[in-house]
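Take a look at the structure below.
Values quoted throughout were computed directly from the atomic coordinates according to the rules given, and no laboratory measurement underlies them. Predicted model only: the values in this text are computed from it and were never measured. Glycine also receives a Cβ, built like all others from the backbone with ideal geometry; neighbour counts cover every protein chain displayed.
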């Protein structure tokens, strides 16, 4: 279907090792914290220990007179120049939100909020002086529990008058995309099946490898800001909008960035304050957060209650789905906080042909770190809910969970398919992916073993979890974003520079932070321009080089940014062709471009693109009217989302004596359309699955009753490592996307979206014979055991003893 | 994070180290640093002086002394874990040491540091108690020996005084004993939620002697004396061991935290004790 398929594709589909890995893995690169400039000052933040308090006084005297301290800034100092941090996505026009300062002025709304900034000559002196800043607080009642906060029992921001930020609804009958869900529910109540469940999406912390770091240099004509961010272009425009710095006087650089997972899709208080400190002192300033600060104050993810009502007939045909969400915003609205649950709102119907659908979402403030994008952003929550509840439907009807899905899913010959939420799915083949996954998994044999273990009441029970996911990726058609209330667009930009020696520079507006764009983009360009892979250099992340772009998130880089690169390459060829014709004294119509050369059809005369670039550089033989450049820019705005899918199967052994769940095998067959580099796809799938398993079994951001983050270090916030995970069996089917010429779909979030319900379904399946139909995430041994005992599975919100207790003076450790 | 400033001393003998501790009121001893450095970086502690034992050669090494093994306090975990004498005479200690954190930590962290740190969730105090280790403490008044059961006084508190150093761990030989350390965690690199250290001497098919101690079932390691007594003379079968292990939680006062409440830990103690004893008995 695409031009790509028709030409010899030497690079596309090749499992090349990533060209950026040598420097990333060995650390021979420059991260933001490595940047040291002459006369640089260092920042340390003083953060509120209280979740909700009024600041009654700040004494900076001792800190200001401490060794090496340049200045100490408070909210009172900066209130007239700090502006307000932006929320770029009002999901309804009347959305309510408190003003979001970078530094608190009179009121702190979560533990970790910045109340003072120490600027010193060294990082150590800044840290020492931060301990000397004396802040007086008057504590206020805290709004922590999400449901209680939704009922306005305690106000997170008393001045706002309510904790409810917005109420958003989608109704398929009203939207004319389906029927009336209440009618479906009534019908199911009389003679059908009604499944009603409530699920908790626990709070997660992105926990990227490189903590956030910012350096700002005010000494040049342009203010230069380095930031460990996913979104340098966002940072540039928001520095202009929030601080009033003329946009053309700002340069933002995201150098190599060590991971983000959505956690660096933000315009941060720390960025604003580093810039303000640099502007005030006239010196370069740098701030690098500690891991503890990152856990406390970088935005969190998920945190929702989901009430799910599924109506079906007794043969397992779903007739309606109703979803009521309460979503925890935390203390403020960050960049896209308010829209995260809504990004999932169109995916609760999953891969299924549901006739009626209704979703409501209530966004609620609490006195906790604000939430925002985290790998999958709304779609993991949606996929979890529907895939969990489809298993519940199967259990209720005594059907195989795959059979129930098959009864309801879109068949491969029904694409493109417009769903009950109004999305048009481009392509897919759920039957093929599922058949392949079942075979690789040994599904039938495992079911037999499960039966045997149930019959023998084996203390170790076996559970099988199914997740047949889809997601919308490739954020996003600008028109769609506009219709949804987002302030920005969703296009992407690329430039290609043909250098005189035949080498190629590709400039992308996407901003890789571990994904491997330098490799994949090189593969795309090498194929399209017929140049060697190693002759392509991919540049990114510096607004002075990549002037236009909308950065990396939402599995958009390849489907949107890769397409812009392809379009730029095509423009290079378009520009080159008449010049080649002129130089070879041939008619444009007689030229063909094969293997990197323009040839005159039917002759031996040809000219390689590199030679053409040199001739253009010299210009000796070009007419004066010719443009002496082969360079091209292209912007791509996607026609629509793409909808990758896959079938993930997980076998979990649950030790009923200890409650421990151990993944025995994990098989996934993903369909992400055409693949540029299978090795990169494999890496994304592995990492994604691991991150989704982490939600299912290990990770949870926990606050105690006073609003202190209990999981404030990796002693208590349990990020699994390779040692905690099984080998994954991964495979693919390939159904090209029809919404872009490359035929690609996104893969950055797929594994995370798919794996969480696969694992929890397996845990619940293992316990089903004990009458268990849910275990709250993360399915810790304590929770599983408590569930089996019929006890409340509430886990105490207290850290490991070593964190809370001071050590003995004799500590010889 | 950056620790608060401190003065640093690196003596090369125990006497020099003791002199430094006597001289400075607010000194902390640095062994392998795998707990102290994080605590300093988090500014949970801010001592004025650090006395680093890393250059004191006499504190390293493992040797035999009659019926005991003598392990220098500054011997790294990795050395204990892989030492042939420990494997032969104090297998329980080798097995427990192998579960401490990760390989990097085990190459830097030391047995003495782990014992004096006395984290209730640390993995070495329980085997030390189970094996009846004796801890040799050097102080201004000379050296004294304290039994492991008396050494751990409270959370992060031991018999090592402010001006003292733990210098040696003397472990009675348990040659020919079966051993197992059953550590329960959610992820591999985690402090024990509960751990059980078990060593048994078999006489034919029955248990002649048993030593069982529990990790993180109280502020200090807990000797499961009732279990030990109940095991004596019993066959090493699942039923018999289960019956004895049912008493594992007696007299314990486990913590409640994000990994589980006290009741769960008491339950775990019985399950893990059964498993540890059976594994130690090779059953």
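Annotations for the structure displayed:
- Label point distance in nm, residue A:183-residue A:458, each placed 7 Å from Cα along Cα→Cβ: 4.9
- Euclidean distance of C-alpha centroids, segment A:373-399 and segment B:74-101, integer Å: 46
- Relative counts (whole %) of C-alpha pair distances in segment B:147-194, using bins that are 5 Å wide: 5, 13, 14, 16, 20, 21, 10, 2
- Relative to one another, the C-alpha centroids of segment B:186-249 and segment A:714-730 are positioned 29 Å apart.
- Chain lengthening between residue A:315 and residue A:574 when straightened (0.36 nm per residue, less Cα-Cα): 87.5 nm
- Quarter the surface of the alpha carbon convex hull of segment B:7-53 and you get the mean projected area, 3.0 square nanometres.
- Shown here: segment B:61-172, whose C-alpha atoms stretch 34, 31, 22 Å along the first, second and third principal axes, sorted largest to smallest.
- In chain A, Cα pairs under 8 Å separated by at least six residues give a relative contact order of 15 percent.
- Base-10 log of normalised Debye intensity for segment A:652-768 (one unit scatterer per alpha-carbon) at q = 0.16, 0.20, 0.23 Å⁻¹: -0.83, -1.08, -1.25
- Under the criterion of Cα pairs below 8 Å and six or more residues apart, the relative contact order for segment B:61-172 equals 30 percent.
- Contact order for chain B, expressed relative to its length and based on alpha carbon pairs under 8 Å spaced 6+ residues apart, stands at 15 percent.
- Helix-only CD estimate at 222 nm, as mean residue ellipticity for chain A, using -39500 (n - 2.57) per DSSP H run (n ≥ 4): -8000 deg cm²/dmol
- Cβ crowding within 10 Å averaged over residues, with A:351-359, A:204-212 ranked highest first: A:351-359, A:204-212
- Label-to-label distance, nm, for residues given as residue A:770 and residue B:140 (7 Å Cα→Cβ offset): 5.8
- FRET efficiency estimate (nearest 0.05) - Cβ-Cβ, residue A:28 to residue A:629, R0 35 angstrom: 0.55
- Stretchable slack from residue A:547 to residue A:431, in nm (0.36 nm times residue separation minus alpha-carbon distance): 37.4 nm
- Largest-first ellipsoid semi-axes for chain A, taking √(5λ) over the Cα gyration tensor eigenvalues, angstrom: 42, 39, 24
- Efficiency of FRET from Cβ geometry, residue A:587 and residue A:159, R₀ 60 Å, rounded to 0.05: 0.25
- Residue by residue along B:259-266, Cβ atoms of other protein chains within 10 Å of the local Cβ number 6 on average.
- Highest to lowest packing among A:712-719, A:299-306, B:72-79, scored as the average C-beta count within 10 Å: A:299-306, B:72-79, A:712-719
- Entry note: segment A:236-372 has Rg to Rh equal to 1.14, where both radii use alpha-carbon atoms and Rh is the Kirkwood radius.
- Beta bridges per DSSP with both ends in segment B:1-76, % antiparallel, nearest 5: 35
- Scattering profile of segment A:145-246 at q = 0.14, 0.24 Å⁻¹ [log10 I(q)/I(0), Debye over alpha-carbon scatterers]: -0.98, -1.18
- Shielding by partners, peptide B:22-34 (average Cβ within 10 angstrom, other chains): 2
- The mean number of partner chain beta-carbon atoms within 10 angstrom of a residue's beta-carbon across peptide B:183-189 is 6.
- Scaled radius of gyration (Cα, divided by 2.2 N^0.38 Å) that segment A:371-503 gives: 1.52
- The C-alpha atoms of segment B:178-280 occupy a region whose extents along the principal axes are 43, 27, 22 Å, arranged from largest to smallest.
- Where labels lie 7 Å past Cα in the beta-carbon direction, separation of residue B:5 and residue A:54 in nm: 3.9
- Beta bridges assigned by DSSP with both partners in chain A are antiparallel in approximately 80 percent of cases.
- Chain lengthening between residue B:238 and residue B:208 when straightened (0.36 nm per residue, less Cα-Cα): 9.2 nm
- Förster-model FRET efficiency, 45 Å R0, residue A:621 and residue A:279, C-beta, rounded to 0.05: 0.30
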